[in-house]
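Some notes on the structure that comes next.
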Amino acid sequence: MITVRNLEFSYKKGDKTIDDLTFHVPHGSIYGFLGANGSGKTTTIRLMLGLCRAESGEIMIGGEQINRQSVEAFRKIGALIENPSIYGHLTGKENLQLHTLYYGLDRRQIMNALSMVGLRYVAEKKAGRYSLGMKQRLGLALCLLHNPSLLILDEPLNGLDPQGIAEIRALLLQMQREEGKTIFISSHLLSEIENTCDAICIIDKGKMLFSGKIEALRDSVIRKRVYKITSDRPEEAMQLIQPLVTSKITKDGNGCLIYIEDKEIIPDIISRLTEKNIRIYEVTGIENNLEELYLKLTNRL
Amino acid sequence: MLYKTFLAELKKSQHTFVPWLTLSGSLLVPLVCFLIYCFKWKYFIPETGVNSWDEYTQMSLSFASGMLFPFLVIIMVALNINLENKANSWKRLYVMPVGRDTLFWGKLLFLSMQLLICSVFMFFWILLTGLFLGIMHPELLFLEYSPDIFNLLMLSLRFFISLLGVLSIQYFLSLLLNNIIVPITAGVMLVIVSLMLVQGWEYSVYDPYAFPLLFSWNNSGKMVQIAWWGLLKTEWLSMLYYIVFSIMAMVLFKRKPVR
């Protein structure tokens, strides 16, 4: 759905904001776009939407090259860029009415869009009086109003409370599954990206560090995996396991945590413990969460 | 699409000061003239054969042309652009299936229409307040003579034309500076400087901020300009400024990156 190839852009000459960025967003996927503040996420989105002109590279959306003349291409794109653009002196409903004029839509779609984001009950309230979370929801409603096949959302969960985050997450997942929408989402809430996205792209200082599935990121970043072995005699188990592994073993409740590169060693560990009549209740692999992976990848951990 | 963009501009002005500004801006001068006539009506009793409407219209026009209408244009344009700046909505407007040129012309058309309505309304208020004066003080002979409606309408159109140069320059400045204070300050200063220079500077006929006043002076006979095809030199120049600055503003609007 989206293909970005060798994208380069700089605000100042000689200081590249985006440096040879390449990634591909498959049709019908939810794609996460991660990066620290100032890493070039929003600039990339602006370039994708033709708000800034790239120095070199190519951006294709739905097979079409995107630039400032791509007027009709915007019919299939719903974009939320940073803070939602809302006219505070107009009500939520009037803000959407304005968009029906630009898009040439039927006004009956307004209440549907407001219902989808849970703002129907404040449709007649001035948008300037909305809370930050409500404004964010209204921004989403503006994106969804024309039923686009592609959503480009820059930090859409900003300002939402946990319930709001869960609702919007459910809405995005529903739109992907039931309507086949492609959703490109940039967020600093790594756990949300992890729970929602099929694949991710991580950028740092305008350069791509990783692009692909989260599992692939785990395999490429983490050499040593963590396993927790729960037994009836954890201290004794630790002493028996130590000669088999190179790294330090730590105690964790009624079990111990081991850090190993090759899982082939696990059967040996189990044999050694059972030989000494230690009862093993559970062997669990503990997965690094996206936050840890991200920090490791960007050398911040 | 231009029509829909125009309607969107109209919708945006809902619940704002803009409709009130259009109404009050057009009413202010006729109201002041009406009050002056009310309190000092004896000074304004016309000599035999003189049409009271001519003097009353000229008084309103001279009050409106110097500062009021140029200021009104400056505020109107600044408020319209500030609406987008305040809502941080440029980035959203630019990713809509509407070309940047359509957005640009829609805004300019809306502002031009607002100014035209304001000018026409002013002459409508002149007519209405004149009729009231005629009823209140028959000695002023407003009811004895008929106002020249066609002439009033033409005056309002030509007054509007004389203001188009200011409108386009302010539009360009507001888009360039993305700010409300600086274009207003620049505009006000240019009006004041123009008012000072117009008293003796021979090149004031090229100064767009002096055009409304020069139009009023020509109408009162204070300064006579040659008319070409029914319009004064300053009116033609005002249209020329309008075209040139609108094109400059459009180039700026189309090329402007959104940060």
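The values are calculated or read from the model by the stated rules, or taken from the named source; none is laboratory data. What you are looking at is a predicted structure, and each value in this text was computed from that prediction instead of being measured. A quick note on method: Cβ atoms are made from the backbone with ideal geometry, for glycine too, and the neighbour counts reach across all protein chains shown. Protein only, heavy atoms only, side chains kept; ligands, DNA and RNA dropped before computing areas. Shrake-Rupley method; radii C 1.70, N 1.55, O 1.52, S 1.80 Å.
Out of the stretch B:121-212, which GluC sites (Glu not before Pro) are coil in DSSP terms and have no more than 13 other C-beta atoms within 10 Å?
Here the sparse-neighbourhood loop sites are B:Glu144.
Over the protein assembly as shown, with the other protein chains present, what is the accessible area per residue in square angstrom, probe 1.4 angstrom?
Details: 25810 Å² over 560 residues.
Roughly 46 Å² per residue, with all protein chains present.
For the interface of chains A and B, what total accessible area is buried with a 1.4 Å probe, rounded to the nearest 100 Å²?
2900 Å²
Report P(r) for chain B: all Cα-Cα distances, bin width 10 Å, range 0 to the bin holding the largest distance, values in whole percent.
Histogram of Cα-Cα distances, whole percents per bin: 7, 29, 31, 21, 9, 3, 0.
So which trypsin sites (Lys or Arg not before Pro) in the stretch A:7-40 end up in coil per DSSP with only 15 or fewer other C-beta atoms within 10 Å? Before the final figure, lay out each step's value.
Working: sites: A:Lys12, A:Lys13, A:Lys16; in loops: A:Lys13, A:Lys16.
When the trypsin sites (Lys or Arg not before Pro) of the stretch A:7-40 are filtered for loop state and at most 15 Cβ neighbours within 10 Å, A:Lys13 remain.
Between A:Ile30 and residues 5 or more places away or on another chain, which pairs have amide H atoms under 5 Å apart, with H built 1.01 Å from N, and which residues are they?
Distant-sequence amide H within range of A:Ile30: A:Ile183, A:Asp198, A:Ala199.
Over the Cα atoms of the protein assembly as shown, Rg to Rh with Kirkwood Rh, two decimal places?
On the way: Rg = 34.0 Å, Rh = 28.4 Å.
Checking Rg against Rh, the ratio lands at 1.20.
What residue among A:Met134, A:Ala36, A:Gly164 has its Cα farthest toward the positive end of the dipole of the stretch A:2-217, where the charges are +1 on Lys, Arg and -1 on Asp, Glu, each on the Cβ?
Ranked along the dipole, the leading option is A:Met134.
Can you give the log10 of the normalised intensity I(q)/I(0) at q = 0.10, 0.11, 0.12 Å⁻¹, computed with Debye over equal Cα scatterers of chain A?
-0.66, -0.75, -0.84
Looking at chain A as a GNM with Cα springs under 10 Å, which of A:Tyr281, A:Tyr227, A:Tyr259 has the largest mean-square fluctuation?
Largest GNM mean-square fluctuation: A:Tyr281.
Accessible area of the stretch A:2-217 with a 1.4 Å probe: how many percent of it is carbon plus sulfur?
47 percent
Please sort through the DSSP H helices of chain B and keep those with an alpha-carbon extent of at least 18 Å along the long axis and a Kyte-Doolittle average not below 0.0.
B:18-39, B:69-87, B:100-136, B:149-177, B:181-197, B:233-255
Compute the long axis of helix A:92-103 from its Cα atoms, compare it with the longest principal axis of the Cα atoms of chain A, and write down the angle in degrees, 0 to 90, nearest 10.
Computed tilt is about 70 degrees.
Over the C-alpha atoms of the stretch A:143-262, what are the Rg and the largest Cα-to-Cα span, Dmax, in Å?
Rg, Dmax (Cα atoms, Å): 20.6, 64.
Looking at chain B, identify the longest residue range that excludes and avoids all chymotrypsin sites (Phe, Trp or Tyr not before Pro) in DSSP loops having at most 15 other Cβ atoms within 10 Å.
Longest stretch, sites excluded: B:18-200.
For q values of 0.09, 0.15, 0.20 Å⁻¹, compute log₁₀ I(q)/I(0) with the Debye formula on a Cα-only model of the stretch B:118-259, without solvent.
Per q value, in the given order, log10 I(q)/I(0) is -0.38, -0.87, -1.19.
With the Cα gyration tensor of the stretch A:90-156 in hand, convert its eigenvalues to equivalent ellipsoid semi-axes via √(5λ) and list them largest first in whole Å. Each step should come with its number before you reach the end.
On the way: eigenvalues 57, 45, 19 Å².
Square roots of five times the eigenvalues give 17, 15, 10 Å.
Counting only DSSP beta bridges with both residues in the stretch A:131-264, what percent are antiparallel, rounded to the nearest 5?
Percent antiparallel among DSSP bridges in the stretch A:131-264 is about 75.
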